[in-house]
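Trainee: Before we start, here is the structure in question, set down as C-alpha cells.
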Amino acid sequence: MSQSVTRQVRQAIMAQLYTHASFSLPCLALLALGWALLFHDYLPAIEALTWLGMVLLTLCGRGWHLRWRQSRLDTTPLALLERELFIGVTITSIVWALGVLLYMGQLPDAYRAAMMMLTSLILTGSAIMLFGSRRAFYGAMLPLGLAILFELAQGNEQERIVACMLSGYLFVFLPTLLRRLRRDQATSLYHRFSNANLVAELKIVSEHLKLTSRRDGLTGIANRAHLDHCLAKAWRRCHRAQAPLSLVLIDVDYFKQFNDHYGHQSGDECLQQVAALLGKVPRREDDLAARYGGEEFALLLPCTSMQGALQVAQQVRDALKQIQIPHQKSLVSGQVSCSFGVATLVPDNHFEITDLVQKADAALYQAKHNGRDRIEVALMGKVA
C-alpha cells in the first residue's frame, strides 16, 4: 500500500472503532443495570451499588472522552487514538471482571450459567465492535474473559468443561475469525481509497488534457479548435435570443518581415505579447480571445453589437501601440501593428456560421488592402 492510502485506511478503521465504541456505551449501561437487578438478592446492597456506580462512572467518563475526541479524530495521531481506545476498553473490561468475581461465587448454579452466557455475549459483542484493532480487542477480552474462566474453573466438573470450551472460543476461534475480518476490511478499504485516489488523479489529468486541448501551445490562449467550438455555441445562443454576434479577426502586420529580421524566437515572443494583450483587454466573461492561425488572432464577442465590437478592436489597437514592440521592417509604423476585420450578424435561418467568418475575413482583407494598421467593418457581407 502507498503511504497515503495506508493512512486513509487506518484513519477510516479508527473512525469506525470510535463510532462503535460510542454506540456500545449505552448498551453496556443497560446491561449493567439489568445485571444488578437480576442478581440483587445474592450480593450485599453496598457491594452491588458500589460496582454499579463504578460501571456507570467508567461509561460516563468514556462517553465524555469519545464525544470530545470525535471532533479531533482527523488531527490526532493514530497511535494516540488507538492507545486511548485500548485504555478505555481495558478499564471497562476490568470493572466488568470485578463484577464477575463479586457475583459468581454468590450465585446458585442456574444463575451462574446465566452470568456465564451474559458475559459471553458481552465478550462477543466487544470482539465484533473492536475487531479493527488487535490491541483494543485483547484489552477488552483478557480481563473479563480470564475472570469468567477463573470462576468457572473453581466450579464443578461441568463448569470446568465449559471453561475449556469457552477458552477455545474466546482465544482461538474469535481471534482467528476476527483476524480474517480485519484483513478483509483493510483490503476493501484499500481498494476503495485507491480507486478514489485514482479517480481523483484521472480527473486532474483529464482536466489538464481538456485544458491543454483548448489552449494554443505557444501563446497560451484558446486555439482554433476551441474557437470553433465556442463559436458554434455562441451562434446557437444568439440565434435563440436573436442577439448580435460579433467576430474580430486580427492580423499582425508584416509579420514575415519581422521574423526574417529579428528571428523566429523574437517572432514567437511577439505573438505571445500580442496574445497577452488580447487577454488583458476588458471583456465580458463569455468573450473569447483565440489564436486563429499563424500570426492571426480572433476575438469572439457574443451578444455584442457592431459598435461594441469596434470599441473592443480599438482598445486592442491602442493597447498595442502603448507596448511599442519595435518593427523596423514594417511599412506602416516603426513598431508592431495589427489590422482588424470586424463582422456582426444576428444569427437566423438565412445565415450560417461560415457567413460570419467570411464577413470578418473579408473585412480583414480590406483593412490590409487599404494600408494595414486599421479597422474595417463588414455589414451584411459588404465592407463599410
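The values are calculated or read from the model by the stated rules, or taken from the named source; none is laboratory data. What you are looking at is a predicted structure, and each value in this text was computed from that prediction instead of being measured. No Cβ is skipped: glycine too gets one built from the backbone with ideal geometry, and neighbour counts run over all protein chains shown. Heavy atoms of the whole protein, side chains included, go into the accessibility calculation; ligands, DNA and RNA do not. Shrake-Rupley method; radii C 1.70, N 1.55, O 1.52, S 1.80 Å.
Trainee: Which members of the range 297-332 meet the condition of being open to solvent by less than 40 Å² (accessible area, probe 1.4 Å) and part of a strand (DSSP E or B)? Outline the logic, then answer.
Mentor: Here is the first cut: in the range 297-332, the ones open to solvent by less than 40 Å² (accessible area, probe 1.4 Å) are 297-302, 304, 308-309, 312-313, 316, 319-320, 325, 327, 330.
Within the range 297-332, Phe297, Ala298, Leu299, Leu300, Leu301, Pro302 qualify.
Trainee: Of the conditions (1) outside any loop (DSSP other than H, G, I, E, B); (2) open to solvent by 70 Å² or more (accessible area, probe 1.4 Å), Arg284 fails just one. Which one is it?
Mentor: (1)
Trainee: Next question. From the list Val9, Val95, pick out the single residue that is crowded, with 18+ Cβ neighbours inside 10 Å, more than 29 Å from Leu118 (Cβ to Cβ) and not small (Gly, Ala, Ser).
Mentor: Selected residue: Val9, the only one of Val9, Val95 that is crowded, with 18+ Cβ neighbours inside 10 Å, more than 29 Å from Leu118 (Cβ to Cβ) and not small (Gly, Ala, Ser).
Trainee: Still on this model: Out of the range 274-289, which residues are within 20 Å of Ile323 (Cα to Cα) and in contact (Cβ under 8 Å) with a residue 60 or more places away in the chain? Break it down into steps so the answer makes sense when it comes.
Mentor: Initial filter on the range 274-289 (within 20 Å of Ile323 (Cα to Cα)): 274-283, 289.
Matches in the range 274-289: Val274, Ala289.
Trainee: So Pro26 fits all but one of (1) within 30 Å of Ala110 (Cα to Cα); (2) touching a residue at least 12 places away in the same chain (Cβ under 8 Å); what number is the exception?
Mentor: Just one mismatch for Pro26, condition (2).
Trainee: Residues that are free of Cβ contacts under 8 Å to residues at least 12 places away in the same chain, part of a helix (DSSP H, G or I) and open to solvent by 40 Å² or more (accessible area, probe 1.4 Å): does the range 343-351 have at least one?
Mentor: Start the filter on the range 343-351 by keeping residues that are free of Cβ contacts under 8 Å to residues at least 12 places away in the same chain, which leaves 349-351.
Within this subset, residues satisfying the condition of being part of a helix (DSSP H, G or I) are none.
Within the range 343-351 (the criterion being free of Cβ contacts under 8 Å to residues at least 12 places away in the same chain, part of a helix (DSSP H, G or I) and open to solvent by 40 Å² or more (accessible area, probe 1.4 Å)), the answer is no, since none of the residues qualifies.
Trainee: OK, next. Can you run down the residue pairs with Cβ atoms below 9 Å, 6 or more apart or on separate chains, where the first is in the range 127-139 and assigned to a helix (DSSP H, G or I) and the partner is open to solvent by 80 Å² or more (accessible area, probe 1.4 Å)?
Mentor: Final answer for the pair search is Met129/Phe23; Arg134/Arg179; Arg135/Arg83; Gly139/Ile87; Gly139/Ile91.
Trainee: Can you give me the number of residues within the range 193-236 that are free of Cβ contacts under 8 Å to residues at least 40 places away in the same chain and farther than 30 Å from Ala298 by Cβ?
Mentor: Qualifying residue count for the region: 8.
Trainee: Scan the range 140-156 for residues that are outside any helix (DSSP H, G or I) and not polar (S, T, N, Q) and report the count. Before the answer, list the steps.
Mentor: The initial filter retains those residues of the range 140-156 that are outside any helix (DSSP H, G or I), namely 154-156.
Filter once more, so that each one left must be not polar (S, T, N, Q): 155.
Number satisfying all stated conditions: 1.
Trainee: Can you find even one residue in the range 169-183 that is more than 30 Å from Asp287 (Cα to Cα), in a helix (DSSP H, G or I), open to solvent by less than 60 Å² (accessible area, probe 1.4 Å) and polar (S, T, N, Q)?
Mentor: no
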